[in-house]
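Visitor: My structure is below; once you've seen it, I'll send some questions.
The values are calculated or read from the model by the stated rules, or taken from the named source; none is laboratory data. Note that the coordinates shown come from a computational prediction; the quantities given were computed from them, not determined experimentally. Cβ placement follows ideal geometry from the backbone for every residue including glycine, while neighbour counts extend to all protein chains displayed.
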Amino acid sequence: MQKWEYCVLATDSRELHTLLPSGRKRQKIRRDESQGDSSDNDNFNRTFAQLGLDGWEMVNAESGVFWFKRPIRE
């Protein structure tokens, strides 16, 4: 049976939460001037795009909260 891992990207708090069996991993998304960001939105948009490149599939979006899943590689 296929197993999945999930993550949540929230626009209001600018956070990426990866949900793990051992708990939740939280990453704050802030401007990264070394990447040429002029605002937090630049890094947020790059993070959003990177999720797709990393194999995450969006499964739900509601009120600025985006849910993603990807198969667990065993």
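Visitor: Looking at the stretch 18-63 only, could you name the residues that are surrounded by 14 or more Cβ atoms within 10 Å (Cβ to Cβ), at pLDDT 90 or above and among the β-branched types (Val, Ile, Thr)?
Guide: Once the filter is applied, which keeps residues that are surrounded by 14 or more Cβ atoms within 10 Å (Cβ to Cβ), at pLDDT 90 or above and among the β-branched types (Val, Ile, Thr), the stretch 18-63 yields THR18, THR47.
Visitor: Taking the stretch 18-38 only, how many residues are over 12 Å from the mean Cα position of the chain (by Cα) and either in a strand (DSSP E or B) or within 16 Å of GLU5 (Cα to Cα) (or both)? Let's see the steps before the verdict.
Guide: Of the residues in the stretch 18-38, the ones over 12 Å from the mean Cα position of the chain (by Cα) are 20-24, 30-38.
Remaining after also requiring either in a strand (DSSP E or B) or within 16 Å of GLU5 (Cα to Cα) (or both): 20-24.
So the answer is 5.
Visitor: Another question about this same structure. Go through the stretch 39-58 and give me each residue that's farther than 27 Å from ILE72 by Cβ and outside any helix (DSSP H, G or I).
Guide: Hit for the stretch 39-58 is SER39, nothing else.
Visitor: On to the next question. Which one of the conditions (1) free of Cβ contacts under 8 Å to residues at least 12 places away in the same chain; (2) surrounded by 11 or more Cβ atoms within 10 Å (Cβ to Cβ) does PHE66 fail to meet, given that it meets all the rest?
Guide: (1)
Visitor: Within the stretch 4-17, does at least one residue satisfy the condition of being of a type in the set (Lys, Arg), assigned to a strand (DSSP E or B) and surrounded by 12 or more Cβ atoms within 10 Å (Cβ to Cβ)?
Guide: Filtering the stretch 4-17 for residues of a type in the set (Lys, Arg) gives 14.
Checking which are assigned to a strand (DSSP E or B) leaves us with none.
No, there is no match, as no residue in the stretch 4-17 is of a type in the set (Lys, Arg), assigned to a strand (DSSP E or B) and surrounded by 12 or more Cβ atoms within 10 Å (Cβ to Cβ).
Visitor: Quick one: LEU20 ticks every box in (1) more than 15 Å from PRO71 (Cα to Cα); (2) among the aliphatic types (A, V, I, L, M); (3) touching a residue at least 12 places away in the same chain (Cβ under 8 Å) except a single one, so which number is it?
Guide: Looking at each condition in turn, LEU20 falls short on (1).
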